[in-house]
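Colleague: Before anything else, here's the structure in question.
The values are calculated or read from the model by the stated rules, or taken from the named source; none is laboratory data. This one's a predicted model, so the numbers in the text were calculated from it and none came from an experiment. Cβ coordinates were reconstructed from backbone atoms using ideal geometry, including for glycine residues, and neighbour counts include every protein chain displayed.
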Amino acid sequence: MKRRLIVPFLNASFLSLLSCSSTDPTPPQPIIDPIAYVEFACPQEDNIYKIWPDTILLNNKGEFYGKLEENIFELKYEYAEFVLGTCEGKLDLRNKAINSPLAWSVKADAGGKSENIPTRSGVLYIKEVLLQQDIDRILKFKGEEEVDFKVALLNFNRDTIQSSTIKLIYKPDFKKEE
């Protein structure tokens with residue numbers, strides 16, 4: 001009986017000795033710092049969201065460009081979206097359901113009809129806000145002009161969370177410098 005116990009014990013001891021290594025184990029990988037949350041300076045103190053692009057350039061070829069500080073980006077009318085960033089110090093307000101935008105109400109300054117447009121995750125395609133009929137009207141302008149679109153972000157009760165303006169600047173000869 002003692003022999004039967006000795007053999008498995010010796011096997012286990014031998015395997016444990018083989019599993020020991022003289023090299024140090026690899027140190028654990030460092031934990032990556034989380035990505036910093038970016039907040040934007042907003043023009044109005046009571047705003048929770050910063051809409052980008054809030055200034056859009058349109059040339060006589062029907063090409064759209066967004067402006068962020070000094071940088072200009074080409075926007076594809078069919079695919080580009082307005083993005084909602086969080087205003088400085090408003091993260092806690094943004095995380096409340098009452099401040100979650102589920103629709104946008106848009107009205108052109110030329111007296112166009114105000115529409116409530118439902119959103120997907122709070123954002124909209126540019127083509128949903130700047131309708132083709134508005135673009136056609138703007139492309140008929142003779143020189144450089146500005147058109148303001150009044151935007152109200154609406155919550156689940158259809159109460160206005162905030163009002164903002166999206167400025168469309170028609171510059172007939174605008175071309176992005178490479």
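Colleague: For a quick check of your reading: which strands (runs of 3 or more DSSP E) sit entirely within segment 61-178 and have at least 1 residues that are of a type in the set (Asp, Glu) and in contact with a Ser or Thr (Cβ under 8 Å, 6 or more places away or on another chain)?
Modeller: 115-118, 145-154
Colleague: Here's a follow-up. Report yes if Val129 is within 22 Å of Lys171 (Cβ to Cβ) and either modelled with pLDDT under 80 or surrounded by 10 or more Cβ atoms within 10 Å (Cβ to Cβ) (or both), otherwise no.
Modeller: It is true that Val129 is within 22 Å of Lys171 (Cβ to Cβ) and either modelled with pLDDT under 80 or surrounded by 10 or more Cβ atoms within 10 Å (Cβ to Cβ) (or both).
Colleague: Starting from segment 151-178, take each residue that is loosely packed, with under 15 Cβ neighbours inside 10 Å and list its partners that are small (Gly, Ala, Ser), counting only C-beta distances under 8 angstrom and pairs at least six apart or across chains.
Modeller: Phe156/Ala97; Phe156/Ser100; Arg158/Ala103; Thr160/Ser105; Thr160/Ala152; Ser163/Ala152; Pro172/Gly143
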